[in-house]
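Trainee: Take a look at the following structure, please.
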Amino acid sequence: MKVGIAGAGSIAFGTAALLCENGHDPMLWSPSGEGTKELAGGAQLKAVGALEVTCAPRIAEDAATLARDNDVLIIALPGYGHKTVLDALAPHIRNGQQVIISSHMSLGAVYLAGLLEARGLTVPITAWGTTAITGRRQSGAEVRVNTVRKLIDLCTVPEEMSGEALDLCRSLFGDRFQPRDGLLAISLSNLNPQNHMGIALGNMTRMERGETWSQGQNVTPNVGRLLEELDKERLAIAEALGLQVRTIFEHFHLSFHVPVASISEMNQEMHEQGNGGTGPATADSRYVTEDVPYGLALTVALGDLTGRPAELHRAGIRIFSAMYGRDFIAENELLNALDLDSTTLDALRQAARTGLLQERVAEAMP
């Protein structure tokens, strides 16, 4: 199957390699054009580590080409690039295509569904709670894949198209998908923002100094306890919404195949096995610049809407904003475009199933 991937970073490269391994025909599009220069010049994409593949993905020069030449589109770039890419792709998406967001952040599926509704289109938009692989791009033509996940949470809007979307994901990536109950469950299934917050806070000086350090090894007992407490806030919000989501213990167990123990102990085991990962070597890392505005901010918003305030998450946003001299809440283009502050919880619940956010607070008042 022909699959267009918007992105040219670690996840996009790893996803393309996995598709090649599974017998599919990926195309990569770098919105800036920089990420695919070597591949466009004739270099082959090489994946090493948990996935050993060499292949030659097609390269798109623009969003129109990506949409025109593929049956499926996958969004595989950091959250801060989602709105720009969705805006670029939306005019070219056609009936019969499917869109996968890997991984889904800040209700991007709702934003895209609104753009397509304005064109009179309804296509399946599938949101993954995480990515199919973890890894790090080594160069303009090589990616090191740390792990291929065994289980990925997903849902599709509108929900009546869930069956065909699940079949598609399985045909592309194998039987590794767990359907979840709507976009809010998927949003709360993404543990990366909370985990990266604790890891980055505990290792910021390493990041700023550009050190090489083991991430798993440096989830020390205190950092591990912080991650566990952050998880309690997320689980409380899910409970208030009546949703079943994975715990942090299940996340590390299923993603990295280690026995359930304390979060610090599980990460130490990952380190011993050689798949604990390498921590960011720069403060300009997606652990902060993506996960704070596009991950933590949504958890805080949902906590406020459900009456289960996520105070540790909120404090993390404020601490990082102070550290970086930036207003990370204001940087979330997707949530700002959706105007979540004027949305009712009932309207948000409905949008999580239909993809369309309609009722507003002012409209709901008598």
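Trainee: Among the candidates ASN70, ASN95, single out the residue that is of a type in the set (S, T, N, Q), in a loop (DSSP other than H, G, I, E, B) and touching a Lys or Arg at 6+ places or on another chain (Cβ under 9 Å).
Mentor: Just one listed residue meets the conditions, ASN70.
Trainee: For segment 58-73, which residues satisfy the criterion of being buried (at least 22 other Cβ atoms within 10 Å of the Cβ) and farther than 7 Å from MET27 by Cβ?
Mentor: Within segment 58-73, ALA63, ALA67, VAL72, LEU73 qualify.
Trainee: Any residue in segment 88-97 that is surrounded by fewer than 18 Cβ atoms within 10 Å (Cβ to Cβ), more than 27 Å from LEU335 (Cα to Cα) and touching a Gly at 6+ places or on another chain (Cβ under 7 Å)?
Mentor: no
Trainee: What's the number of the only condition in (1) within 12 Å of the chain's Cα centre (by Cα); (2) open to solvent by 20 Å² or more (accessible area, probe 1.4 Å) that GLY120 fails to meet?
Mentor: So GLY120 meets the others, but not (1).
Trainee: Could you look through segment 39-56, keep only residues that are free of Cβ contacts under 8 Å to residues at least 60 places away in the same chain and not in a strand (DSSP E or B), and pick out the one that is most open to solvent (accessible area, probe 1.4 Å)?
Mentor: Looking at residues that are free of Cβ contacts under 8 Å to residues at least 60 places away in the same chain and not in a strand (DSSP E or B), I get GLU52.
Trainee: Still on this structure, please answer the following. When you look at ARG180, is it more than 23 Å from ILE319 (Cα to Cα), open to solvent by 20 Å² or more (accessible area, probe 1.4 Å) and of a type in the set (D, E, K, R), yes or no? Before you say what the answer is, go through the steps one by one.
Mentor: Details: more than 23 Å from ILE319 (Cα to Cα): yes; open to solvent by 20 Å² or more (accessible area, probe 1.4 Å): yes; of a type in the set (D, E, K, R): yes.
Criteria met by ARG180.
Trainee: With the structure loaded, tell me whether LEU112 is in contact with a strand residue (DSSP E or B) (Cβ under 8 Å, 6 or more places away or on another chain), open to solvent by less than 10 Å² (accessible area, probe 1.4 Å) and in contact (Cβ under 8 Å) with a residue 12 or more places away in the chain or whether it fails that test. Even if it seems obvious, please write down each step before you answer.
Mentor: Working: in contact with a strand residue (DSSP E or B) (Cβ under 8 Å, 6 or more places away or on another chain): yes; open to solvent by less than 10 Å² (accessible area, probe 1.4 Å): yes; in contact (Cβ under 8 Å) with a residue 12 or more places away in the chain: yes.
When the stated conditions are applied, LEU112 passes them.
Trainee: Can you report the number of residues in segment 126-168 which are hydrophobic (A, V, I, L, M, F, W, C), assigned to a strand (DSSP E or B) and more than 14 Å from the chain's Cα centre (by Cα)?
Mentor: Count: 4.
Trainee: If you don't mind, there's one more thing I want to ask. Just name the residue that is modelled with the lowest pLDDT out of those in segment 309-366 that are in a loop (DSSP other than H, G, I, E, B) and among the aliphatic types (A, V, I, L, M).
Mentor: MET365
Trainee: Further question on the same structure: How many residues does segment 255-282 contain that are surrounded by fewer than 18 Cβ atoms within 10 Å (Cβ to Cβ) and within 22 Å of HIS82 (Cβ to Cβ)?
Mentor: So the answer is 1.
Trainee: Moving on. So in segment 76-87, with the set limited to residues that are of a type in the set (A, V, I, L, M) and under 16 Å from GLY33 (Cα atoms), which one is surrounded by the fewest Cβ atoms within 10 Å (Cβ to Cβ)?
Mentor: VAL85
Trainee: Still on this structure, please answer the following. Quick check on my filter: what residues within segment 74-84 are under 22 Å from ALA132 (Cβ atoms) and either of a type in the set (Ser, Thr, Tyr) or over 15 Å from the mean Cα position of the chain (by Cα) (or both)?
Mentor: TYR80
Trainee: While we're here: PRO26 - would you say it is out of contact with any Gly (no Cβ under 6 Å at 6 or more places or on another chain), open to solvent by 20 Å² or more (accessible area, probe 1.4 Å), closer than 25 Å to PRO91 by Cα and not basic (Lys, Arg)? Show your work before the answer.
Mentor: Working: out of contact with any Gly (no Cβ under 6 Å at 6 or more places or on another chain): yes; open to solvent by 20 Å² or more (accessible area, probe 1.4 Å): no; closer than 25 Å to PRO91 by Cα: yes; not basic (Lys, Arg): yes.
No.
Trainee: Shifting gears a bit: Tell me which of these CYS20 doesn't satisfy, since it passes every other one: (1) in a helix (DSSP H, G or I); (2) in contact with a helix residue (DSSP H, G or I) (Cβ under 8 Å, 6 or more places away or on another chain); (3) open to solvent by 10 Å² or more (accessible area, probe 1.4 Å); (4) more than 29 Å from ASN332 (Cβ to Cβ).
Mentor: All conditions are met except number (2).
The values are calculated or read from the model by the stated rules, or taken from the named source; none is laboratory data. The structure displayed is predicted, hence computed values, not measured ones. Here Cβ is always computed from backbone atoms with ideal geometry, including for glycine, and neighbour counts include all displayed protein chains. These accessible areas exclude ligands, DNA and RNA; they are computed on the full protein's heavy atoms, side chains included. Shrake-Rupley method; radii C 1.70, N 1.55, O 1.52, S 1.80 Å.
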